[in-house]
């Protein structure tokens, strides 16, 4: 046997993606390069690791067992490198954070200086909807999750970052029309919803239920950005986190519509399973947040705190 760590990494990525093409994309390599290294790795075994049926690659049972061993080997390599860097006083490792979609307007500001100060820490930040973020948290696949609605049925610990404020929003022209009425009626407005599983969607539905309102017209879109563009185009109104529409508010492209019971306030929090044993990079990031959180809020979110 004369396989390399690089070959182990490639094989694991092929197993994960079940595709040479997708593995190549994830590793930022060409497809031929991945195919060659995969073949060189497989040639060292008398039993097939993968098989191709039609145009799809399948991992054999033996291949799955080899993949488990390969993962343990690579984990040990990471541990060795980490320990070496710790002895040198250098922070090393990966920081994995899953972020709900609107959280992309929050998390980068709280982590950018930390990553800049620790160039040997690799940041893996996955932006997805709430359901997928919670799944990653439950499976212990990540160090932290950024959420604005606390996950249920999971014992967690958390660090609160900044208040999340949701307002009724329309484009400037339609908002002015709606505000001619001193108390805009949600039921008379064409409302735009996020997809099921979104935290904003949950908040909006709870508000409609509390007000006992059945909207006369509704649209469903799959991202906060899509909702924003639809509002800009005059297709309707929505309950939106203020954090994601700064430029549009300041440029008077979107306007906040005063309505009773708004804004709805939740909290952007970094959460992790209770009792989780953090790696050095994750522990260092928590210490960084405790020391720098208020400075970051003042520097990057002063405009935001002026809205009540």
Next on the checklist: Rounded to whole Å, give me the distance from the Cα center of segment 201-271 to that of segment 128-155.
Outcome noted: 22 Å
Checklist entry - Once the Cα atoms of helix 199-210 and of the chain are each reduced to a long axis, what angle between those two axes, in degrees from 0 to 90 to the nearest 10, is obtained? => result 30 degrees
Checklist entry - Between residue 157 and residue 52, what is the FRET efficiency for a Förster distance of 45 Å, r being their Cβ-Cβ separation, to the nearest 0.05? => result 0.50
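Could you order peptides 72-81, 106-115 by the average number of other Cβ atoms within 10 Å of their residues, highest first?
Working: 72-81: 12.0, 106-115: 18.1.
For the peptides 72-81, 106-115, the packing ranking is 106-115, 72-81.
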Checklist entry - Does anyone have the angle between helix 107-117 and the longest principal axis of the chain? Alpha-carbon axes, 0 to 90°, nearest 10? => result 40 degrees
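Suppose only helical runs count, i.e. DSSP H with n ≥ 4. What mean residue ellipticity at 222 nm does that imply for the chain under -39500 (n - 2.57) per run, divided by all residues and rounded to the nearest 500 deg cm²/dmol?
Values: 11 runs with 134 residues, N = 308.
Dividing the helical sum by the residues of the chain leaves -13500 deg cm²/dmol.
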Checklist entry - Cα axis of helix 5-17 to longest principal axis of the chain: angle in degrees, 0 to 90, nearest 10? => result 50 degrees
Checklist outcome for this item: Here the FRET efficiency for residue 45 versus residue 267, based on Cβ atoms and R0 = 51 Å and rounded to 0.05, is 0.50
Checklist outcome for this item: The simple spin-label model distance between residue 71 and residue 141, using points 7 Å out along Cα→Cβ, in nm, is 1.1 nm
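Output the peptides 46-56, 233-243 sorted from most to least packed, where packing is the average of other Cβ atoms within 10 Å over each peptide's residues. Display every interim value, and only then the final one.
Values: 46-56: 10.5, 233-243: 20.6.
By packing density, highest mean first, the sequence is 233-243, 46-56.
So how much slack lies between residue 6 and residue 298, counting 0.36 nm per residue of separation and subtracting their Cα-Cα distance, in nm? Mind showing how you got there, number by number?
Details: separation 292, 0.36 × 292 = 105.12 nm, distance 4.40 nm.
Length gained between residue 6 and residue 298: 100.7 nm.
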Item to check | Stretchable slack from residue 250 to residue 206, in nm (0.36 nm times residue separation minus alpha-carbon distance) | outcome: 13.0 nm
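Using a 10 Å cut-off on Cβ atoms, rank the peptides 124-136, 250-262 from the highest mean neighbour count down.
Details: 124-136: 17.5, 250-262: 14.8.
Descending mean neighbour count gives 124-136, 250-262.
Only the coordinates and a few stated rules stand behind these numbers; no lab work does. Just so you know, these numbers come straight off a predicted model, no measurement behind them. With ideal geometry, Cβ positions are generated from the backbone for all residues, glycine too; neighbour counts draw on all protein chains shown.
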